[in-house]
1. Among the lysines in the stretch 224-288, how many pairs, 8 or more places apart or on different chains, have alpha carbons under 18 Å apart?
2. Under 14 Å Cα-Cα from Lys7, which aspartates and glutamates qualify once same-chain neighbours fewer than 8 residues away are excluded?
3. Name the residue farthest towards the positive end of the dipole of the chain from the options Asn240, Leu300, Ala48, assuming +1 on Cβ of Lys and Arg, -1 on Cβ of Asp and Glu, about the Cα centre.
4. Students often forget the sequence filter, so: which aspartates and glutamates lie under 13 Å Cα-Cα from Lys308 once same-chain residues fewer than 8 apart are removed?
5. Tell me which of Gln102, Val177, Val156 sits at the most positive position along the dipole axis of the stretch 101-246, charges placed on C-beta atoms (Lys, Arg +1; Asp, Glu -1).
6. If you place +1 on the Cβ of every Lys and Arg and -1 on the Cβ of every Asp and Glu, how big does the dipole about the Cα centre of the chain come out, in debye to the nearest 20?
7. Where a ≥ b ≥ c are the square roots of the eigenvalues of the C-alpha gyration tensor, would you call the chain rounded, which needs a/c under 1.5, or, failing that, prolate if a/b is larger than b/c, or oblate?
8. Excluding Pro120 itself, calculate the net charge of residues whose Cβ lies under 13 Å from the Cβ of Pro120, where each Lys or Arg counts +1 and each Asp or Glu counts -1.
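Derivation of every value follows stated rules applied to the coordinates shown; laboratory data play no part. These numbers come from a predicted model, not from an experiment. Backbone-built Cβ (ideal geometry, glycine too); neighbour counts: all protein chains shown.
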Amino acid sequence: LSLQKEKSWAQSYPLHLFQDFWCPGIHIDAVKSFQQYFQAKESDVIVASFPKSGTIWMKALAFAISNHQRFSSLEGHPLLTSNPHELVPFMEFTFGGDIQDQILRLANMAEPRIFGTHTPFPSLPKSIKDSNCKIIYICRDPFDNFVSAWTYFNKVKPVSLPPVSKEEAFEMYCNGVVDYGPWWSHMLGYWNESVAKPNKVMFMKYEDLKEDTSFHVKRIAEFLGVPFTQEDESSGMIENIIKLCSFEKMKDLEVNKSGVIGRGSIEKKNFFRKGDKGDWVNHFSSPMTEKLSKIVDEKLSGSGLSFKKHS
Ligand code: A3P
């Protein structure tokens, strides 16, 4: 199982090479239970992502879009009072405690069930691969992904540990040694599946979503089989959803500002930093830009997946 161990950015747990990806040691049992017990339903919606790619944004959008007929006005909308990670739990962490209880609880959840996952495509449970459930993968430019991840992990690490320097973190990122990495295989796994099965896997870039949110929100609704009607459009529903899930709105909600979440007791406020594209220019030196550009080109070469040039 633990063929190889590496230090993680979080430092408080090591990464283990598990099924060809760097799995946080503290998540291995959860991932294994999920692989063994999770039973997909045709109506399931899965938000998949590499960590620090905008998962929380896509979780909020997927929830609001899937439920737009149920919560047609913003009044009393669950996203105003619950954090997206609570409304859209990570599948890996649904199996704590008594397994039979959890299986029953999941089977009885209201449909559509919406989950998140950081697990790479090849390691998803067979039932997900075999079912007609929908997967939305949110992918982020590796330059911004690196900055977001490095800053985040230094914030959530135990205070007793020293921060990881940018240079050290960058070396690890370039080697793919980061939670759920290598990032290129993670992206390519879902990318290839989205090319082979476009009705099952939708591949979305954070940068594209940021640039034309309205266009992509409509695309997501169509992909999920809940397209907006003319009436929805004219009533301003799409704009309302975009606003509700916007960085500014979500960051400002009390439910996202205070309190902790998850087993590791991560402070919710840490999921919101800059919420924009292009922050890498403030953190990259020329040699770093050159090195990561080369890795991106090499790793993605021939796949059809590419990012804007960095210079
Ligand atoms: P930055 O650190 O670049 O600001 P994840 O949810 O996968 O952990 O990703 C976190 C990143 O998404 C952070 O990026 C965070 O600020 C950004 N983010 C959170 N909510 C967002 C939103 N509503 N719109 C755009 N970006 C958002």
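1. Step by step, the pairs that qualify in the stretch 224-288 add up to 16.
2. Straight-line reach from Lys7, under 14 Å: Glu168, Glu171, Asp179.
3. Leu300
4. Straight-distance partners of Lys308: Asp141, Asp144, Glu207, Asp208, Asp297.
5. Gln102
6. Details: 37 positive and 37 negative charges, 80 e Å.
Taking the Cα centre of the chain as origin, the dipole is about 380 debye.
7. Working: a/c = 1.41, a/b = 1.23, b/c = 1.15.
Rounded shape, in that the Cα axes give a/c under 1.5.
8. On the way: positive: Lys129; negative: Asp20, Glu92, Asp179, Glu193.
Taking every other residue near Pro120 into account, the sum is -3.
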